[in-house]
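Novice: Okay, here's the structure, questions in a sec.
The values are calculated or read from the model by the stated rules, or taken from the named source; none is laboratory data. Just so you know, these numbers come straight off a predicted model, no measurement behind them. Here the Cβ positions follow ideal geometry from the backbone for every residue, glycine too, while neighbour counts run over all protein chains shown. Each accessible area value is taken on the protein alone, full model and side chains, heavy atoms only, with ligands, DNA and RNA left out. Shrake-Rupley method; radii C 1.70, N 1.55, O 1.52, S 1.80 Å.
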Amino acid sequence: MTQRRWVAFVVAALLLAGCGDRAVRGAPAIESPVPAAACPPASPLRIDARVRVGRGAGPMTVAGDRLWTSRPAAGVLVSVGLRATPRAARPVRIGGAPVSLAAGLGSIYVADRDRDRILRLDPVTGKVVRLAAIQSPVKVAVSQAALFAISLDDGALHRLDPLTGVGTPLAIPALAPIDAVLEGGDLWILGGGDGGVSPFDERRNAFVRAGVRMPTRVVGAIAAGAGAVWAALPTARAVARIEPQTLSLGVLRASRGFAPTAVAVDGCSVWLGDSDGRVERIDPASGRMLGRPVRSGTALAALVADRGGVWASDPSDGTVVRVMPAG
Amino acid sequence: MVGALVALSAGLAAFFATKITTFQPDELGYTHMAIALAGDPSLRTSEFGGSERLNQLYPLSLAPFYGLFGNVTAFALAHWWNALLMGSAVIPVYLLAREVLARRSTAYMAAAVAAVVPWLTLSSGQLTEVIAYPAGAWALFAMQRALAAPSWRADLLAIAAIAVATYGRLQLGILGPVFVAAVVLHELGWALTGGAVAGGRADALRRARRRLLRDHVVLAGATAIALVVTTALVVAGGLQQAFGYYGNTLGGQLLPDGMWRNAQANLTFLAFGLGVLPVAWTVGLILESAVAARARRVHAFAILACLTLAAIVITVARVNVIFNGAEVQERYVMFVVPVLVVGLLAGLFESRRPAITLLLGAGVVAALVATTDFRVIPSSFWFLVSPGMTAYLEVIAPRLGQVAAALGDPGISRFVLGGVAIVLAALLLAAGIRPGARRRKLVTSAIVASVFLFCATTTVYSFDRVVHGSAEYKGLGGSSVAGQDWIDRAVGADTPVSLLATQIGQVSDSREVWTAAEFWNRSVTAAYALSEPATTWHDGRFTEVGRDGRVVAREASRYVVVAARALSLGLVGGELARSPDGELRLVDAGGRRLRAAWTLRGVSDAGWLRLQRPATMTIAGRGTRCSIVRLELAVPRSAAESRSLHAGGGGLDRTVVVHPREARTVRLRACGSGTLRLRLAASVPATATAVGATIQLRSVSVEAA
């Protein structure tokens, strides 16, 4: 081959590579954590608010200026206004066992495990409608376009029309699916039977990537935020970080003696809670501890991040507690 | 030589296909139809959904095996038969190549490549594609013959071959319109390009018109009849019914969203399955022939290849998007493989400038590949139905990922890198076969040899994955078929048996267990479902257990199959046999109405206890007595906390703690008079994170104390 041909050859290849690179960049990139400069420095944590909602408070979700929580054993939903001094509104009795809440698309969606149904609640009028019938739903999640519900009994993911509840089930490649979060265009589903986390591609409407097995069998909960999926690992006293694109797994240590069973994430912090009612936070990038743990109550069921802090539900004394960085 | 290649192909397929020990869901229908056709020999059965399926050539070909032998033996013989059928496609590919290529030696090369194409993996399943593939290849050969050397006999043979292929697989009916369009385009196209050399364009067009009206008179007549019949069906509104099960493919959106992406992905993975070059050269040949074909037969082939490729890929993509969740299963498009294999040789040996032809085709293919966006999780199933795609995703894409990492950006699309690699390879090869290049013949031979080796390697790799699986997924040949016909053996294949199906584990697991009973045992003729959704292949009529313990299943036979770990009821009757995996048991109900010895209400189908409402167990009986209730209990392994179960009633007041990661079996002694009623209540700590996952009852059994 002459020199001129070789030059043409290489130029063509480089041109193609350049075009290709642009095509790839169209794909959603991993969202970087908020730059360190925008995050407050490490500081002690304090209890900012404590609201009584009734014994057995567990799952929570934040919708605009309201925090919603449920008491699965009592079949009750309670909302807490967040505008001024947080206050609980009248409970909404729905019956059944509301074990999961999700806010999105202008509604609160509820998985009622014992009555095999998905409910939609209008947060303004308080009206509750039965949206779909699903066997033993244990988790609901809302994306910008769809409602997802997980059936523990069928081992199936239901992608539902948020308005009509119509949808078809899809088998989940995991044993006893119990939890799910949305991150990076995927719905990440935790298999309670095998401790694996499987990504469901929302755009392709299929499981197109193999999942990740957690380093320990016990997984407290999973959460999404700061461009990653996080799993609380109580027996390892750590939290696992899954990179959505590469599926690589990193482990960040909790503080000494802290066995996280709950996790919530915002741009600046990974919030961890343990069943003794303690809350702590660590830096999502470095894993550095951001202050000492604080006791939010006598027990802790779930965490949800909100406005730089985190809400913790305490089923024992029936409160929800907001923990904020001091200052 | 061709015989040896058929033997090679069939032998390769048989080596792996005969190791298969499991089945795909579609096989249930085709094997049942084969049994029906064996019992009542005809060209078509209306049983087992046969009235909805016109394509019954494959079940008809299996009928002798299923007529003479039991399901297990017939299954084994069918896989030998599959290997032979798939291997036999070498013959029509060779004949097609002989029609297109000037030299016999190049036709042998085409036959050799056809003998090792990755889609031989289809012989692992009892699916219609197995017979439709060779039938389609025969149709393509007949069509090429009729195009290049028209006569009424050739037309008749082509129409008959298309009809047989359509009987094999309905989608191949598209070859009918393709044939008509190819005849017209070839005659006119040849007149306007290559054929115009001798007497000018006007004269060539006159000759083309004469050939169309005189030599293709049979085709013209058949086309007219087909148009009249189709119009009548459309007017009468019966076109969709005429197509039976597949009739709804004629409805829906004409060009649904995602169709082109799906077609592109299909073509991309076909290309990867064949080592890209056959597709590149076929596309290049089509482009070259549109301007100036070298010979009439080559022009005819280019037209045939173009229309066949477009028609099959686009119709399949449309159906995929509308009905199959936009999946890419190459088994639906592999019928174009004979055309692509011959296209490789035609591009190399029959085009005016093979190097230019390659560059033209490679440019198109590289663009298609680079902009493809599709993936699945590789598994044995995917290797069976889409070996090109799965081999790419499991083998090639990770290597391209290493290249991306070496380039400093691991996020670069593997498809883009694949497109770049295709361009680079095409440039190199084009340099090697350009006019005047040294050792051009050697390079040409090396190209064919490398395609052969690539296909053979991909085929062996894919077959190995189909049969043996990998560390990540199970193969389809890992188990044993011995004893799978346990129901037929226990009561005889002619004795009707009903399934009383409850959910066993998760829905997908349950479906595997119940359909296996139906697949291997022809005595199973009906199914009743006690859980939702039904997980049987037979229409599972939903039924329930009355308060008095009677099962509402009036037409159930004396012999009933129930889950060995049935959670909702224990059936009265003597056990005759158990399935090899121990999941199912065959019960002789004694010809009386089905009755439950005990029932359990208030648990989910998979055995999960509710949070609030206790489950109730009712044990039928008379007089004062005691029963032993065995419960196998489990908590999700990943749960952080233990759960507890309280059992009350029947003299019981016992709490059992169940820890995660330990399935626990408890033995409860319940006593009382008359019907015993027990309450089983689960409690979950308030701090439990997976609060919805209570306690799962894995199995329940009751016996007299």
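Novice: Among the numbered criteria (1) among the basic types (Lys, Arg); (2) surrounded by fewer than 24 Cβ atoms within 10 Å (Cβ to Cβ); (3) in contact with a Leu (Cβ under 7 Å, 6 or more places away or on another chain), which single criterion is violated by A:ARG281?
Specialist: Of (1) among the basic types (Lys, Arg); (2) surrounded by fewer than 24 Cβ atoms within 10 Å (Cβ to Cβ); (3) in contact with a Leu (Cβ under 7 Å, 6 or more places away or on another chain), only one is false for A:ARG281: (2).
Novice: Specify the residue that is farthest from the chain's Cα centre (by Cα); the eligible residues are those in the stretch A:134-145 that are in a strand (DSSP E or B) and touching a residue at least 40 places away in the same chain (Cβ under 8 Å).
Specialist: Of everything passing the filter in the stretch A:134-145, A:VAL138 is farthest from the chain's Cα centre (by Cα).
Novice: Could you tell me how many of the residues in the stretch A:96-121 are over 12 Å from A:VAL142 (Cα atoms), among the hydrophobic types (A, V, I, L, M, F, W, C) and not in a strand (DSSP E or B)?
Specialist: Of the residues in the stretch A:96-121, 1 are over 12 Å from A:VAL142 (Cα atoms), among the hydrophobic types (A, V, I, L, M, F, W, C) and not in a strand (DSSP E or B).
Novice: I'd like to verify a number: residues in the stretch B:473-516 that are open to solvent by 30 Å² or more (accessible area, probe 1.4 Å) and touching a strand residue (DSSP E or B) at 6+ places or on another chain (Cβ under 8 Å), how many?
Specialist: Qualifying residue count for the region: 6.
Novice: Return the residues of the stretch A:97-133 that are within 11 Å of chain B (Cβ to nearest Cβ), surrounded by 24 or more Cβ atoms within 10 Å (Cβ to Cβ) and among the hydrophobic types (A, V, I, L, M, F, W, C); say none if nothing qualifies.
Specialist: A:ALA97, A:VAL99, A:ALA111
Novice: Which members of the stretch B:132-156 meet the condition of being under 25 Å from B:ARG207 (Cα atoms), open to solvent by 10 Å² or more (accessible area, probe 1.4 Å) and out of contact with any Lys or Arg (no Cβ under 8 Å at 6 or more places or on another chain)?
Specialist: Passing the criteria: B:PHE141, B:ALA142, B:ARG145, B:ALA149, B:SER151, B:TRP152, B:ARG153, B:LEU156.
Novice: I've got another one for you. For the condition among the acidic types (Asp, Glu) and either without any contact (Cβ under 8 Å) to a residue 24 or more places away in the chain or open to solvent by 10 Å² or more (accessible area, probe 1.4 Å) (or both), what is the one hit in B:GLU129, B:GLU99?
Specialist: Among B:GLU129, B:GLU99, only B:GLU99 is among the acidic types (Asp, Glu) and either without any contact (Cβ under 8 Å) to a residue 24 or more places away in the chain or open to solvent by 10 Å² or more (accessible area, probe 1.4 Å) (or both).
Novice: For B:VAL395, are the conditions met, namely being within 28 Å of the chain's Cα centre (by Cα), open to solvent by less than 10 Å² (accessible area, probe 1.4 Å), within 30 Å of B:THR444 (Cβ to Cβ) and of a type outside the set (S, T, N, Q)?
Specialist: Against the criterion (within 28 Å of the chain's Cα centre (by Cα), open to solvent by less than 10 Å² (accessible area, probe 1.4 Å), within 30 Å of B:THR444 (Cβ to Cβ) and of a type outside the set (S, T, N, Q)), B:VAL395 does not qualify.
Novice: Just a yes or no: is a residue in the stretch B:436-444 at negative phi, open to solvent by less than 50 Å² (accessible area, probe 1.4 Å) and within 19 Å of the chain's Cα centre (by Cα)?
Specialist: No - not one qualifying residue is present in the stretch B:436-444.
Novice: Which residues, taken from the stretch B:31-62, are open to solvent by 20 Å² or more (accessible area, probe 1.4 Å), under 16 Å from B:ARG522 (Cα atoms) and assigned to a helix (DSSP H, G or I)?
Specialist: Residues satisfying the conditions are B:ILE35, B:ALA38, B:GLY39, B:GLU47, B:PHE48, B:GLY49.
Novice: Could you tell me which residue of the stretch B:629-642 is nearest to the other protein chains (Cβ to nearest Cβ), considering only residues that are outside any loop (DSSP other than H, G, I, E, B) and open to solvent by 10 Å² or more (accessible area, probe 1.4 Å)?
Specialist: Going through the qualifying residues, I end up with B:GLU632.
Novice: Looking only at the stretch B:655-705, how many residues end up being open to solvent by 20 Å² or more (accessible area, probe 1.4 Å), within 47 Å of the chain's Cα centre (by Cα) and away from chain A (no Cβ under 14 Å)?
Specialist: 9
Novice: Anything in the stretch A:184-239 that is in contact with a Gly (Cβ under 6 Å, 6 or more places away or on another chain), within 18 Å of A:LEU300 (Cα to Cα) and facing another protein chain (nearest Cβ under 7 Å)? List them, or say none.
Specialist: Once the filter is applied, which keeps residues that are in contact with a Gly (Cβ under 6 Å, 6 or more places away or on another chain), within 18 Å of A:LEU300 (Cα to Cα) and facing another protein chain (nearest Cβ under 7 Å), the stretch A:184-239 yields A:VAL219, A:PRO234.
Novice: Scan the strands (runs of 3 or more DSSP E) fully inside the stretch A:146-260 and keep the ones with 2 or more residues being open to solvent by 40 Å² or more (accessible area, probe 1.4 Å) and either closer than 30 Å to B:ASN324 by Cα or touching a residue at least 24 places away in the same chain (Cβ under 8 Å) (or both).
Specialist: So the answer is A:167-171, A:249-253.
To keep it simple, each residue is scored yes or no on (1) more than 30 Å from the chain's Cα centre (by Cα); (2) over 25 Å from B:LEU393 (Cα atoms); (3) assigned to a loop (DSSP other than H, G, I, E, B).
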residue	(1), (2), (3)
B:ALA290	yes, yes, no
B:ARG294	yes, yes, yes
B:LEU304	no, yes, no
B:ALA311	no, yes, no
B:ALA317	no, no, no
B:GLY347	yes, yes, no
B:ALA355	yes, yes, no
B:VAL369	no, no, no
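Novice: Quick check on B:VAL365: is it away from every other protein chain (no Cβ under 11 Å), open to solvent by 30 Å² or more (accessible area, probe 1.4 Å), in a helix (DSSP H, G or I) and closer than 14 Å to B:GLY275 by Cβ?
Specialist: When the stated conditions are applied, B:VAL365 does not pass them.
Conditions tested, residue by residue: (1) polar (S, T, N, Q); (2) away from every other protein chain (no Cβ under 13 Å); (3) surrounded by fewer than 24 Cβ atoms within 10 Å (Cβ to Cβ); (4) over 17 Å from B:LEU270 (Cα atoms).
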{"position": "B:GLY361", "(1), (2), (3), (4)": "no, yes, no, no"}
{"position": "B:THR371", "(1), (2), (3), (4)": "yes, no, yes, no"}
{"position": "B:SER380", "(1), (2), (3), (4)": "yes, yes, no, yes"}
{"position": "B:MET389", "(1), (2), (3), (4)": "no, no, no, no"}
{"position": "B:ARG399", "(1), (2), (3), (4)": "no, yes, yes, yes"}
{"position": "B:ALA405", "(1), (2), (3), (4)": "no, no, yes, yes"}
{"position": "B:ALA426", "(1), (2), (3), (4)": "no, no, no, yes"}
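Novice: Does the stretch A:106-117 include one or more residues that are of a type in the set (Asp, Glu), touching a Phe, Trp or Tyr at 6+ places or on another chain (Cβ under 9 Å) and either in contact (Cβ under 8 Å) with a residue 24 or more places away in the chain or under 24 Å from B:GLY325 (Cβ atoms) (or both)?
Specialist: no
Novice: How many residues does the stretch A:76-96 hold that are crowded, with 17+ Cβ neighbours inside 10 Å and free of Cβ contacts under 8 Å to residues at least 24 places away in the same chain?
Specialist: So the count comes out to 2.
Novice: If B:GLY582 meets every condition in (1) of a type in the set (Gly, Ala, Ser); (2) under 22 Å from B:ALA517 (Cβ atoms); (3) crowded, with 17+ Cβ neighbours inside 10 Å apart from one, which number is that one?
Specialist: Going through the list (1) of a type in the set (Gly, Ala, Ser); (2) under 22 Å from B:ALA517 (Cβ atoms); (3) crowded, with 17+ Cβ neighbours inside 10 Å, B:GLY582 breaks only (3).
Novice: Going through the stretch A:281-327 one residue at a time, which ones are more than 22 Å from A:GLY81 (Cα to Cα), assigned to a strand (DSSP E or B) and out of contact with any Ser or Thr (no Cβ under 6 Å at 6 or more places or on another chain)?
Specialist: If the condition is that a residue be more than 22 Å from A:GLY81 (Cα to Cα), assigned to a strand (DSSP E or B) and out of contact with any Ser or Thr (no Cβ under 6 Å at 6 or more places or on another chain), then A:ILE282, A:VAL294, A:ARG295 are the ones that fit.
Novice: If I filter the stretch A:151-169 for residues that are out of contact with any His (no Cβ under 6 Å at 6 or more places or on another chain), within 14 Å of chain B (Cβ to nearest Cβ), farther than 23 Å from A:GLY64 by Cβ and of a type in the set (Lys, Arg), do I get at least one hit?
Specialist: Yes, there is a match, as at least one residue in the stretch A:151-169 is out of contact with any His (no Cβ under 6 Å at 6 or more places or on another chain), within 14 Å of chain B (Cβ to nearest Cβ), farther than 23 Å from A:GLY64 by Cβ and of a type in the set (Lys, Arg).
Novice: Check A:SER313 against each of (1) modelled with pLDDT under 90; (2) closer than 25 Å to A:VAL51 by Cα; (3) small (Gly, Ala, Ser) and name the one condition it does not meet.
Specialist: So A:SER313 meets the others, but not (1).
Novice: Evaluate the stretch B:261-279: report whether one residue or more is surrounded by fewer than 18 Cβ atoms within 10 Å (Cβ to Cβ) and not basic (Lys, Arg).
Specialist: Looking through the stretch B:261-279, none of the residues is surrounded by fewer than 18 Cβ atoms within 10 Å (Cβ to Cβ) and not basic (Lys, Arg).
Novice: Then there is this: For the subset of the stretch B:523-534 comprising residues that are surrounded by 22 or more Cβ atoms within 10 Å (Cβ to Cβ) and assigned to a loop (DSSP other than H, G, I, E, B), which member is farthest from the other protein chains (Cβ to nearest Cβ)?
Specialist: Checked the stretch B:523-534; the qualifying residue farthest from the other protein chains (Cβ to nearest Cβ) is B:SER523.
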